[in-house]
Amino acid sequence: MTDSNTTACACEGQCNAAVWNELDEFIASHERGRNSLIQVLHKAQELFGYLPPDVHQHVADQLGLPVSEVLGVVTFYHYFSMQPRGRHTINVCMGTACYVRGAKKVLEALQEKLGIKMGETTPDRRFSITTQRCFGACGLAPVIMVNSDVHGRVTANKLTGILNQYE
Amino acid sequence: MKKAFRAQVLLCAGGACISSGTESVRDAFQRELGEQQLNEEVGLITTGCMGMCEVGPIVVIYPEGVFYQKVKSEDVAEIVKEHLLKGRVVQRLFYKKPSTQELVQAMNEIDFFRLQEKIALRNCGNIDPEDIREYIAAGGYEALGKALTNMAPPQVVEQITVSGLRGRGGAGFPTGIKWRATADQPGKPKYVVCNADEGDPGAFMDRSLLEGDPHSLIEAMTICGYAVGANQGFVYVRAEYPLAIQRLEKALTQAREMGLLGKNLFSSGFDFNIEIRMGAGAFVCGEETALMHSIEGRRGEPRPKPPFPAVKGLFDRPTVLNNVETFANVPYIVLNGGMAYARLGTEKSKGTKVFALAGDVNNTGLVEVPMGMPLGTIVYDLGGGIPNGKKFKAVQIGGPSGGCIPAAHLNTPVTYESLPQLGAIMGSGGLVVMNEDTCMVDLARYFLEFIAEESCGKCTPCRVGTRVMLELVNRICNGQGTMEDLERLEELAGVIQKSSLCGLGQTAPNPVLSTLRYFREEYIEHIKDHHCRAGVCQSIMHAPCSNACPASVNVPAYLAYAKEGNFEEALRVHLRNNPFPSICGRVCPQWCIDKCRRSDLEGPLAVRAVKRFMSDLRDDYSELYPAKVPANNRKVAVIGAGPAGLSCGYYLVLLGYDVTVFERREESGGLMRYAIPDYRLPRKILAKEISNLERLGLKIKTGVAVGRDISMADLRAQGFEAFFMSSGAGHEIMPKIPGVDLPGVYPGTAFLEQAARSQPMNVGRRRRSGICC
Ligand SMILES: Cc1cc2nc3c(=O)[nH]c(=O)nc-3n(C[C@H](O)[C@H](O)[C@H](O)COP(=O)(O)O)c2cc1C
Ligand code: SF4
Ligand code: SF4
Ligand code: FES
Ligand code: FES
């Protein structure tokens, strides 16, 4: 991540005025104040891919909240990430149903294959690995989700085929 | 409103079926129906989850209700041409009964569906959730109309009370009482909140309801608003359920357009609106006070109760908060009366409950059954039992706040009262079935890790206590635990239960306590024997095959030598742990291959066949035995020359003892000789391996029954200092059924012994006999 005294945002040139505008429009269509904070953060993460410090500050200013409160909320919820993610996020389900059907082996195989640990991003920014507890597709356990595609009955063997679908 | 079709094709578009390929199947149907010019005659409807997600994508064709499973786009042309044009069903896509492999044609003949009683899920899988007209055609919004035009708010509350409906989100609190308490609060505004955070990892009924029947939730929340005097509702949905959010949004829009949500509903003057709030991945936000904090834009930390939400809830106003499934029952109750609902279930647990069946069970998916159905019926009749010939071990019910129920309690009727007696809870209805491959200590560790991660950190016992428990269990999994650790776990559990603020902490120890209650011996094995019988705990396990082998034979090592063609070395490795490679190579039940990792790829390795081959290459093992420790001239007596006694003698001889095995029968070998028929285990193989042991120095005296021909005192007098009793544990118990005393009925081992001795037996004229063990 860029350090805080540079003005450029941390998205390495991907973000632009249009994205900030979209965020501001979203904020403007919502009530000012704490009630809208989580919805605004969801939108911001959707737009930027993650929530870097300058976004915290901006959201805090726009909603009239102390930035410490925004940070408190961002860190409380697992869904919000302060680290940039790869182009594709691979979410391995670690819910009970998936766990008893071998999710741990799938995660281990995936980490080995990509050479990164859970929570990390490949150097080429192609993939990030995260885990979650249950996507509600337990009937197909073990399940992984790449972006928003659910892949069921995953085995270590099938991983290559799945990953090849994402460039 | 809707056209009358000759036939209806229902295609499941629930989340699971979509990921199994619903969309391409739908495209294929649209194309084929168009090509065959059936668009006017045959309706195509995409529905929510039909429940049997395991075999998706599912297609059901009415009027006959023919059920097709695992349909691919390539199958569609055949279905259209054969079934829809010619009226000939496509058998190869039928469901097969797991127990008998029998083909089943109609949906309602499949036990999974036949045994259900659908109220909350009444529309799921039957209507298109994205089309409000279908919901209305199925009787939707009638209950709302009835309430708003024919019932006073207290009458609505009354019917909910009479129905006996209890909260389906976990705690089972009577819904009617909750509504009354909120209704009784003076002033406005009040709120209705739906808890769709579905935190139990392994439950997915709320997701299916939101995706498959979103209008029933909207209708129910509106009825609730009317009953308690609220005009605004919120649905708090997990961010992990994007499809649910999308369908709910669409349903809200349609309801508003139709005037079924908004101002002056049914011209009654009652206004109601609903907004969606997205969760952000914190399990504790499923707790009601934390959830309301989250809607308010704060950190989702719980607060003490009272005040209860009915008095001081969202934005400090009186609030009704119910779970999705709880709400889904409401329209039925209002329309049919509370008594209609109360006729189902048991005395204190009324109505039905939806369960999410997952894990090691044939039919994973969603089922809705009357309360009080025995757990075993759910697992075996609806669930179709355990796949791949594995053994049932336990059911986990209630998620991280719940517990495990072992086979001994499968007869328990599932109710709010019975489960806590077994150390579990109903919870939201997640039922995760586990087979012998699940380690119960590891499972406890899994839940502790979950809880330690999800604790909001507000109370010390929950934050620190669960971490300490996790460390203790981690140690046990790694083979570093002590027996005192078990006591400490129980002690800590008590403290955390008593001194935590919210339900998360109060119930956090349950998974540990329940596994300790029913599977304590597994904890002890990890601690004392450093053995994980399920082969899960990696750090105390060499390889899954060796771990499963009762003799701990180093399977990977001898297979590696065998692969190189070095059979001598392979045999040497085997003999280190097990002196009977030729025998085991024929008759071992091969526990090793049940756990072989290659089963996940193409199938297990033929471990036993390799062993048989390599040991048959050689008659004399003398050079391959491990080196003997110099003789210590101490005498040990082994009583019984079966496999256990001979193996014990073998190990002791290697350790330098002077060992004599005493055998009552005329020849050594025990069950290997007197139970296993010659064609399974040729006597010359047995003789070869026993004579190898004798060559090594083991003495065997047959025809001597210790206790009859010679006493232990005599043996002591002869200088024997230690004794190993391996006289055989087998003793058959004849079943208590009429006719067991008839001629020709033999106990199993006696029968086998007679056969092994080639003695004539009366097996009846038709030579039909069964062996009872
Ligand atoms: C840690 C914790 C997590 C919970 N998670 C959920 C949940 O995911 N869904 C739910 O409906 N209730 C959950 N509950 C229960 C709620 O607090 C509340 O009792 C319930 O939503 C009330 O609705 P009901 O009466 O209709 O069940 C949870 C409770 C606790 C303590
Ligand atoms: S019991 Fe645990 S989750 Fe609940 S308030 Fe206390 S620390 Fe938070
Ligand atoms: S065949 Fe039997 S003795 Fe041989 S390795 Fe397998 S389980 Fe062990
Ligand atoms: S446990 Fe993995 S999808 Fe539910
Ligand atoms: S999603 Fe199709 S049956 Fe569950």
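The values are calculated or read from the model by the stated rules, or taken from the named source; none is laboratory data. Since the model is a prediction, treat every value here as computed from it, not as a measurement. Positions of Cβ are generated from backbone atoms using ideal geometry, with glycine treated the same way; all protein chains shown enter the neighbour counts. Note: accessible area is taken over every heavy atom of the protein model, side chains too, but ligands, DNA and RNA are not part of it. Shrake-Rupley method; radii C 1.70, N 1.55, O 1.52, S 1.80 Å.
Just one of the listed residues (B:ARG299, B:ARG277) is in contact (Cβ under 8 Å) with a residue 40 or more places away in the chain, within 9 Å of another protein chain (Cβ to nearest Cβ) and part of a strand (DSSP E or B), and it is B:ARG277. Report whether or not A:GLY136 is within 16 Å of ligand 1 (Cβ to nearest atom) and outside the structural domain of A:TYR50 (by TED's automatic domain parsing). So A:GLY136 passes the test.
So that you can scan it fast, the table gives a plain yes or no per residue for (1) over 30 Å from A:GLU69 (Cβ atoms); (2) within 15 Å of ligand 1 (Cβ to nearest atom):
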position	(1), (2)
B:GLU301	no, yes
B:PHE308	no, yes
B:ARG317	no, no
B:VAL320	no, yes
B:GLY337	yes, no
B:THR352	yes, yes
B:THR364	yes, no
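Considering the range B:490-511, the residues that are touching a Phe, Trp or Tyr at 6+ places or on another chain (Cβ under 9 Å) and among the aliphatic types (A, V, I, L, M) include one that is nearest to ligand 1 (Cβ to nearest atom), namely B:LEU504. The listed residues are A:THR89, A:THR75, and the only one of them that is closer than 20 Å to A:VAL150 by Cβ and either surrounded by fewer than 17 Cβ atoms within 10 Å (Cβ to Cβ) or more than 16 Å from ligand 2 (Cβ to nearest atom) (or both) turns out to be A:THR89.
Among the residues of the range B:729-740, those identified as open to solvent by 60 Å² or more (accessible area, probe 1.4 Å) and under 22 Å from B:ALA675 (Cα atoms) are B:ALA729, B:GLY730, B:HIS731, B:ILE733, B:MET734.
Screening B:GLU484, B:GLU491, B:GLU522 for residues that are of a type outside the set (Phe, Trp, Tyr), surrounded by 14 or more Cβ atoms within 10 Å (Cβ to Cβ) and more than 16 Å from ligand 4 (Cβ to nearest atom) leaves exactly one candidate, B:GLU522. Restricting the first member to the range B:601-619 and to residues that are farther than 22 Å from B:PRO579 by Cβ and within 14 Å of ligand 3 (Cβ to nearest atom), and the second to residues that are open to solvent by 80 Å² or more (accessible area, probe 1.4 Å) and in a helix (DSSP H, G or I), the beta-carbon pairs closer than 7 Å and six or more apart or on different chains are B:PRO604/B:ARG598; B:LEU605/B:ARG598.
For every residue, the table says whether it meets (1) within 14 Å of chain A (Cβ to nearest Cβ); (2) under 22 Å from B:LEU382 (Cα atoms).
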site: B:VAL395; (1), (2): yes, yes
site: B:GLY398; (1), (2): yes, yes
site: B:ASN411; (1), (2): no, yes
site: B:GLN421; (1), (2): no, no
site: B:LEU431; (1), (2): yes, yes
site: B:VAL441; (1), (2): yes, no
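Selection of the range A:137-161 for residues being hydrophobic (A, V, I, L, M, F, W, C), open to solvent by less than 10 Å² (accessible area, probe 1.4 Å) and near ligand 4 (Cβ under 10 Å from one of its atoms) yields A:ALA137, A:CYS138, A:LEU140, A:ALA141, A:VAL143, A:ILE144. Suppose the filter is more than 17 Å from B:THR22 (Cβ to Cβ), within 32 Å of the chain's Cα centre (by Cα) and within 16 Å of ligand 5 (Cβ to nearest atom); does B:ILE119 pass it? So B:ILE119 does not fit the description; no.
Scanning the range B:14-25 for residues that are open to solvent by 10 Å² or more (accessible area, probe 1.4 Å) and either touching a Ser or Thr at 6+ places or on another chain (Cβ under 6 Å) or within 16 Å of ligand 1 (Cβ to nearest atom) (or both) gives a single hit, B:SER24.
Scanning the range B:284-296 for residues that are under 24 Å from B:PHE173 (Cα atoms) and either at the interface with chain A (Cβ under 7 Å from one of its Cβ atoms) or basic (Lys, Arg) (or both) returns a single hit, B:SER294.
Is it the case, given these coordinates, that B:PRO174 is open to solvent by 10 Å² or more (accessible area, probe 1.4 Å), farther than 26 Å from B:LEU121 by Cβ and away from every other protein chain (no Cβ under 14 Å)? No.
Note on the range B:268-323: residues that are over 18 Å from A:HIS30 (Cβ atoms) and small (Gly, Ala, Ser) amount to 9. A single member of B:ALA644, B:ALA705, B:ALA637 is more than 42 Å from the chain's Cα centre (by Cα), touching a residue at least 60 places away in the same chain (Cβ under 8 Å) and closer than 20 Å to B:MET725 by Cα, and it is B:ALA637. If you go through the range A:43-58 and pick out every residue that is touching a residue at least 24 places away in the same chain (Cβ under 8 Å) and within 13 Å of chain B (Cβ to nearest Cβ), you end up with 2. Of all the numbered requirements in (1) within 16 Å of ligand 4 (Cβ to nearest atom); (2) open to solvent by 20 Å² or more (accessible area, probe 1.4 Å), B:GLU211 misses one, and that requirement is (2).
Just to be sure before I move on: is B:LEU448 farther than 20 Å from A:TYR99 by Cα and more than 11 Å from chain A (Cβ to nearest Cβ) in the structure I sent? So B:LEU448 fails the test.
Picking from residues in the range A:103-136 that are part of a loop (DSSP other than H, G, I, E, B), open to solvent by less than 30 Å² (accessible area, probe 1.4 Å) and modelled with pLDDT of 90 or more, the one that is farthest from ligand 2 (Cβ to nearest atom) is A:THR122.
Can you find a residue in the range B:353-365 that is away from chain A (no Cβ under 12 Å), basic (Lys, Arg) and under 12 Å from the mean Cα position of the chain (by Cα)? The answer is no; no qualifying residue exists.
For every residue, the table says whether it meets (1) at pLDDT 95 or above; (2) in contact with a strand residue (DSSP E or B) (Cβ under 7 Å, 6 or more places away or on another chain).
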{"site": "B:ASN633", "(1), (2)": "no, yes"}
{"site": "B:VAL636", "(1), (2)": "yes, yes"}
{"site": "B:ALA641", "(1), (2)": "yes, yes"}
{"site": "B:TYR650", "(1), (2)": "yes, no"}
{"site": "B:LEU654", "(1), (2)": "yes, no"}
{"site": "B:TYR657", "(1), (2)": "yes, yes"}
{"site": "B:GLU663", "(1), (2)": "yes, yes"}
{"site": "B:GLY670", "(1), (2)": "no, no"}
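With the structure loaded, tell me whether B:VAL330 is out of contact with any Lys or Arg (no Cβ under 9 Å at 6 or more places or on another chain), open to solvent by less than 10 Å² (accessible area, probe 1.4 Å) and either more than 25 Å from A:THR131 (Cβ to Cβ) or within 16 Å of ligand 5 (Cβ to nearest atom) (or both) or whether it fails that test. Yes, satisfied.
Residues of the range B:271-295 being open to solvent by 20 Å² or more (accessible area, probe 1.4 Å), over 13 Å from A:TYR77 (Cβ atoms) and more than 8 Å from ligand 1 (Cβ to nearest atom), which ones? If the condition is that a residue be open to solvent by 20 Å² or more (accessible area, probe 1.4 Å), over 13 Å from A:TYR77 (Cβ atoms) and more than 8 Å from ligand 1 (Cβ to nearest atom), then B:ASP271, B:ASN273, B:GLU275, B:ILE276 are the ones that fit. Can you confirm whether B:THR253 is under 17 Å from A:ILE38 (Cβ atoms) and away from chain A (no Cβ under 14 Å)? For B:THR253, the condition - under 17 Å from A:ILE38 (Cβ atoms) and away from chain A (no Cβ under 14 Å) - is not met. Residues considered: B:THR377, B:THR364. Of these, the only one that is open to solvent by less than 10 Å² (accessible area, probe 1.4 Å), within 30 Å of A:GLY152 (Cβ to Cβ) and either within 16 Å of ligand 2 (Cβ to nearest atom) or of a type in the set (Ser, Thr, Tyr) (or both) is B:THR364.
Could you please let me know if B:GLU211 is within 16 Å of ligand 5 (Cβ to nearest atom), outside any helix (DSSP H, G or I) and under 33 Å from the mean Cα position of the chain (by Cα)? So B:GLU211 does not fit the description; no.
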